[in-house]
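Below: the structure, in structure tokens.
The values are calculated or read from the model by the stated rules, or taken from the named source; none is laboratory data. Everything quoted here is computed from the prediction, not taken from an experiment. Every residue, glycine among them, receives a Cβ derived from its backbone with ideal geometry; neighbour counts consider all protein chains shown.
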Amino acid sequence: MKIALCQINPIIGDIEGNKEKILSGYKKGIEDKVDLVIFPELALIGYSPQDLVEKKEFRDAVIKASNEIAEFTTDVGLIFGAITEDEDNVGTNIFNSALLCYKGKIRLTQNKTLIPNYDVFDEIRYFESAKDTSLHHFKGEVLGISICEDIWNDKDYWKKRLYQHDPVEKLVKQGATLLINISASPYSYGKRFARKEMLSTLTKEDALPLVYCCLVGAQTELIFDGASMCFNDKGELKQLGKKYEEDYLIFDTSEDYSRVENVEASFEEEVYSALVLGVKDYCKKLNFKKVLIGLSGGIDSALVTAIAVEALGKENVEVVLLPSKYSSEGSVNDSLKLISNLGISHKVIPIQDVVDNLIELLAPSFEGKNHDTTEENLQSRSRGIILMAIANKHGHLLLTTGNKSEMAVGYATLYGDMCGGLGVIADVYKTDVYRLAEFINRDKEIIPQEIIEKAPSAELKPNQTDQDTLPPYDLLDSILRMYLENNKEFNEISQTIGDSSIVGKVLRMVDFNEFKRRQAAPALRISNKAFGYGRRYPIVQGWRK
């Protein structure tokens, strides 16, 4: 069977726009004389639609568009993801569905069986599980169609499975000759390799070819990397879609393609590409033409600026330098060097007069109190006010520059450097920020070496460095990875690190600063446990006092 995979980048809720993408891809498949054209999970509405599916008007529009797409079909088959409804007196009556259409009608509706409810997934809030799985005979093949999570429960690959049922195993036992999975699988580093290994194991053990069509694009914090995969019945990967961009590829089950071995690039290349896509799509889908960044002379804001230029072009990136009396001459000069290297426009707005006026204004209210972080944070908050004002006046998107390590321990200032609409590197540890900076400089110096080599500092008081109050970043990040991503607790982390006092201090900082993160901009997700939607931790709690 000759199959076209249409790896599209939909916009959530843009039913008409997404419908046109589906029809356009289908027309191309007809021109290429394929037998079947396949689109990803929820291609018609985007992933994840969240509470949009609770609106009857929205659901009606989806059903109408699905029928219009079906009416357009010829004898060439079409599979795309949408939502469907069923009427009974139990549950939501809404399903995450794969629709198989040809000759003007929807011929099969296969609903998703395994409804994920972990990490960034909350589908059980909206969708019911399929009541059954069905095969469909089409052009000499017996199609076994599944949706995303349905294929992530293979007993031959997983030592511990999340679900009792395996809908794909059932399709195989029923007599499927070709497996098709439409997917919207958010990316984190290492996941594409895991996908490939799992699907290879499944196809090898079941001795069946598999077509896996994956969504691409960024939807707020979630990044979908595409990289659709086609396997033969020996478990060999034969076709791989483009990464981080839309693609159209053809897989003919009767042809012998060269085997694809490498599916994932280096950490730096993958994460950089994901973050660039995240910024590009966030701006495009929300119609922001330009972004604004507060440039401090530090490595975090430098990295965010370089990513923004790659995503949007230098003409669409503006930076503002906001020096105070504690800003070093080197920080200003290093920023100007970065600006020159990138060819971007900038403004310099000194903030010391603003800070001095605020301190004078607040003096009666601060009487009897010693100077502390309150006065330090007035600098950051003054910068936040100025940056937000410029962004508002010109309709720019202000990007935040806090990294994951800072966000974890509360080292980013609420209503200050946390101001903005998108956390570009809020899921990137500080040690990985340096790795990305070196990657950007792989061919020539873009981020000045002086910025990379200087000791990290908020520059809110004389001779300040981050390590005045934080452990060295390599140690801090080791603790944070164990706590945030591996779900380890105090005793186990302390045994590994060997210093329980530092571990206790770090974990208390992480827990105490949950209230800040709850108010933060959405963070582009590149790890398997990012702050925000995928990590739900109580603000008020007594586990660690």
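Tell me, yes or no, whether the stretch 424-431 has at least one residue that is touching a strand residue (DSSP E or B) at 6+ places or on another chain (Cβ under 6 Å) and more than 28 Å from V540 (Cβ to Cβ).
Here is the first cut: in the stretch 424-431, the residues touching a strand residue (DSSP E or B) at 6+ places or on another chain (Cβ under 6 Å) are 424, 426-427.
Those left that are additionally more than 28 Å from V540 (Cβ to Cβ): 424.
Scanning the stretch 424-431, I find at least one residue that is touching a strand residue (DSSP E or B) at 6+ places or on another chain (Cβ under 6 Å) and more than 28 Å from V540 (Cβ to Cβ), so the answer is yes.
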inquiry  = Every residue in the stretch 312-336 that is within 25 Å of the chain's Cα centre (by Cα) and touching a residue at least 40 places away in the same chain (Cβ under 8 Å), please.
reply    = E318
request  = Return yes when G410 is of a type outside the set (D, E) and within 19 Å of the chain's Cα centre (by Cα) and no when it is not.
outcome  = no
query = Could we say that I351 is farther than 29 Å from K529 by Cβ and touching a His at 6+ places or on another chain (Cβ under 9 Å) here?
reply = no
message = So the check is Cβ under 7 Å with 6+ separation or different chains; which pairs have a first residue in the stretch 68-83 that's without any contact (Cβ under 8 Å) to a residue 24 or more places away in the chain and a second one that's among the small types (G, A, S)?
response = none
task = Only residues that are out of contact with any Phe, Trp or Tyr (no Cβ under 9 Å at 6 or more places or on another chain), of a type in the set (S, T, Y) and surrounded by 10 or more Cβ atoms within 10 Å (Cβ to Cβ): list them for the stretch 358-382, please.
result = T373, S382
remark   = Checked the stretch 33-87 for anything within 20 Å of N181 (Cα to Cα) and polar (S, T, N, Q); matches are S48, S66, T84
message = Restricting to the stretch 152-177, count the residues that are within 18 Å of L36 (Cβ to Cβ) and among the β-branched types (V, I, T).
response = 1
query = Can you name the helices (runs of 4 or more DSSP H) wholly within the stretch 340-450 that have at least 3 residues being in contact with a helix residue (DSSP H, G or I) (Cβ under 9 Å, 6 or more places away or on another chain) and free of Cβ contacts under 8 Å to residues at least 24 places away in the same chain?
reply = 352-366, 373-394
ask   = Taking the stretch 273-308 as the search range and keeping residues that are touching a His at 6+ places or on another chain (Cβ under 8 Å) and among the aliphatic types (A, V, I, L, M), which one is farthest from E329 (Cα to Cα)?
value = V291
ask   = If you go through the stretch 488-510 one residue at a time, do you hit one that is in contact (Cβ under 8 Å) with a residue 12 or more places away in the chain, crowded, with 18+ Cβ neighbours inside 10 Å and in contact with a strand residue (DSSP E or B) (Cβ under 9 Å, 6 or more places away or on another chain)?
value = no
inquiry  = Yes or no: the stretch 84-97 includes at least one residue that is surrounded by 15 or more Cβ atoms within 10 Å (Cβ to Cβ), in a loop (DSSP other than H, G, I, E, B), of a type in the set (S, T, N, Q) and in contact (Cβ under 8 Å) with a residue 24 or more places away in the chain.
reply    = no
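Of everything in the stretch 21-72 that's outside any helix (DSSP H, G or I) and touching a helix residue (DSSP H, G or I) at 6+ places or on another chain (Cβ under 7 Å), which residue is farthest from T220 (Cα to Cα)? Even if it seems obvious, please write down each step before you answer.
The initial filter retains those residues of the stretch 21-72 that are outside any helix (DSSP H, G or I), namely 32-49, 55.
Those still in the list that are touching a helix residue (DSSP H, G or I) at 6+ places or on another chain (Cβ under 7 Å) too: 37, 39, 41, 43-46.
Values: V37: 28, F39: 21, E41: 17, A43: 16, L44: 18, I45: 15, G46: 12 Å.
Ranking the qualifying residues of the stretch 21-72, first place goes to V37.
Counting only residues that are under 26 Å from the mean Cα position of the chain (by Cα), give me the helices (runs of 4 or more DSSP H) lying completely in the stretch 454-545 with at least 2 of them. Walk me through it before giving the result.
Numbers: elements: 473-480, 490-497, 500-512, 514-517.
Answer list for the stretch 454-545: 473-480, 500-512, 514-517.
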ask   = Any residue in the stretch 42-53 that is farther than 29 Å from E141 by Cβ and of a type in the set (V, I, T)?
value = yes
request  = Give the residues of the stretch 317-350 that are at pLDDT 95 or above and β-branched (V, I, T), sorted by residue number.
outcome  = V317, V319, V320, I339, I344, V348, I349
query = Going through the stretch 229-285 one residue at a time, which ones are surrounded by fewer than 18 Cβ atoms within 10 Å (Cβ to Cβ), among the aliphatic types (A, V, I, L, M) and within 22 Å of the chain's Cα centre (by Cα)?
reply = V263, A265
inquiry  = Whether any residue in the stretch 305-315 is under 17 Å from D417 (Cβ atoms) and modelled with pLDDT under 95 is what I want to check.
reply    = no
request  = Output the qualifying pairs, or none if there are none: Cβ atoms under 7 angstrom, residues six or more apart or on different chains, first residue in the stretch 527-544 and surrounded by 12 or more Cβ atoms within 10 Å (Cβ to Cβ), second residue of a type in the set (V, I, T).
outcome  = Y533/V120; G534/V120
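Here is a check on your reading of the model: is L237 within 20 Å of S185 (Cα to Cα) and either in contact (Cβ under 8 Å) with a residue 12 or more places away in the chain or in the same structural domain as I351 (by TED's automatic domain parsing) (or both)? Let's see the steps before the verdict.
On the way: within 20 Å of S185 (Cα to Cα): yes; either in contact (Cβ under 8 Å) with a residue 12 or more places away in the chain or in the same structural domain as I351 (by TED's automatic domain parsing) (or both): yes.
The answer is yes for L237.
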